[in-house]
1. Could you pull out the residue among 100, 57, 23 that is under 14 Å from residue 142 (Cα atoms) and modelled with pLDDT of 95 or more?
2. Could you tell me which of the residues 96, 114 is of a type in the set (A, V, I, L, M, F, W, C) and in contact with a Gly (Cβ under 6 Å, 6 or more places away or on another chain)?
3. Among the numbered criteria (1) over 23 Å from residue 162 (Cβ atoms); (2) in contact with a Phe, Trp or Tyr (Cβ under 6 Å, 6 or more places away or on another chain), which single criterion is violated by residue 79?
4. Being in a loop (DSSP other than H, G, I, E, B) and either open to solvent by 60 Å² or more (accessible area, probe 1.4 Å) or out of contact with any Pro (no Cβ under 9 Å at 6 or more places or on another chain) (or both) is true for just one of 103, 117. Which residue is that?
5. On the given criteria, is residue 134 open to solvent by 30 Å² or more (accessible area, probe 1.4 Å), within 24 Å of residue 1 (Cβ to Cβ) and aromatic (Phe, Trp, Tyr)?
6. Looking only at the stretch 71-86, which residues are assigned to a helix (DSSP H, G or I) and surrounded by fewer than 14 Cβ atoms within 10 Å (Cβ to Cβ)?
Amino acid sequence: AHLCAACRSMWWMSYVVVTFYLIGLWFGTSSMRHRQPFDLKKPLAAWNLFLAVFSFIGTLRTAPALLTMLNTHGFNYSLCRAAAPGYGDGPSGLWVCFFIFSKYFELIDTVFLVVRKKKVGFLHWYHHCSVLLYCWNAYVWEMPTGIYFVEMNYFVHAVMYFYYFLAAVCARPPKWALAVTVMQLSQMAIGVIVTISHMQILTFNTVP
């Protein structure tokens, strides 16, 4: 609780970091324009493997909190239960905290692209900015639905970054890239359902 309160007092931090991220992206891309790309195959593979393992552990440590709420009290309860007592304590609370701060560290993905002179598309930088802002605000204001997004994103990232790791170390990329894309889209669809369900309960005051 004290860490969440401290983060709430720094609610502006995500906006500052995103601003510097975009400035750094522009500056880095410009400075690399007339330079040779760096060969960072091994560091990139190690980075992707680290994120895959980190996300896999996060999946295992947060799933019990969500599954227990769903199994014991049902879907509506999981949307309405206050975040701190619902999933903010114990292992799940710790790994939710790790998840939120990992969104800052995942900006390093862009650094690897820039210094290797790979194209940084709109979807890439927009995704990193919007997810960081969303997660930080959801954390500091203790959104009850946050456990859904944490669990889904941990799971998808475990698979996605492991795919990136294999693509970096294998002669040929794995053949399940489409499955990763489907998983990414599925988590967003489920997130929309969770958000609309939560808004409906709040709007019509149908808390059991």
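The values are calculated or read from the model by the stated rules, or taken from the named source; none is laboratory data. Because the structure is a prediction, the values reported are computed rather than measured. Every residue, glycine among them, receives a Cβ derived from its backbone with ideal geometry; neighbour counts consider all protein chains shown. All accessible areas refer to the heavy atoms of the entire protein, side chains included, with ligands and DNA or RNA removed. Shrake-Rupley method; radii C 1.70, N 1.55, O 1.52, S 1.80 Å.
1. Numbers: 57 fails: under 14 Å from residue 142 (Cα atoms); 23 fails: under 14 Å from residue 142 (Cα atoms).
Unique residue meeting the criteria: 100.
2. Working: 96 fails: in contact with a Gly (Cβ under 6 Å, 6 or more places away or on another chain).
The match here is 114.
3. (2)
4. Going through 103, 117 in turn, the sole match is 117.
5. On the way: open to solvent by 30 Å² or more (accessible area, probe 1.4 Å): yes; within 24 Å of residue 1 (Cβ to Cβ): yes; aromatic (Phe, Trp, Tyr): yes.
Considered against the rule, which asks whether it is open to solvent by 30 Å² or more (accessible area, probe 1.4 Å), within 24 Å of residue 1 (Cβ to Cβ) and aromatic (Phe, Trp, Tyr), residue 134 comes out as yes.
6. Residues of the stretch 71-86 assigned to a helix (DSSP H, G or I): 71-73, 75-80, 83-86.
Hits for the stretch 71-86 are 71, 72, 75, 84, 85.
Condition check ((1) open to solvent by less than 20 Å² (accessible area, probe 1.4 Å); (2) assigned to a helix (DSSP H, G or I); (3) within 26 Å of residue 154 (Cβ to Cβ)) across all residues:
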{"site": "17", "(1), (2), (3)": "no, yes, yes"}
{"site": "24", "(1), (2), (3)": "no, yes, no"}
{"site": "27", "(1), (2), (3)": "no, yes, no"}
{"site": "35", "(1), (2), (3)": "no, no, no"}
{"site": "43", "(1), (2), (3)": "no, yes, yes"}
{"site": "53", "(1), (2), (3)": "no, yes, yes"}
{"site": "59", "(1), (2), (3)": "yes, yes, yes"}
{"site": "64", "(1), (2), (3)": "no, yes, yes"}
{"site": "67", "(1), (2), (3)": "no, yes, yes"}
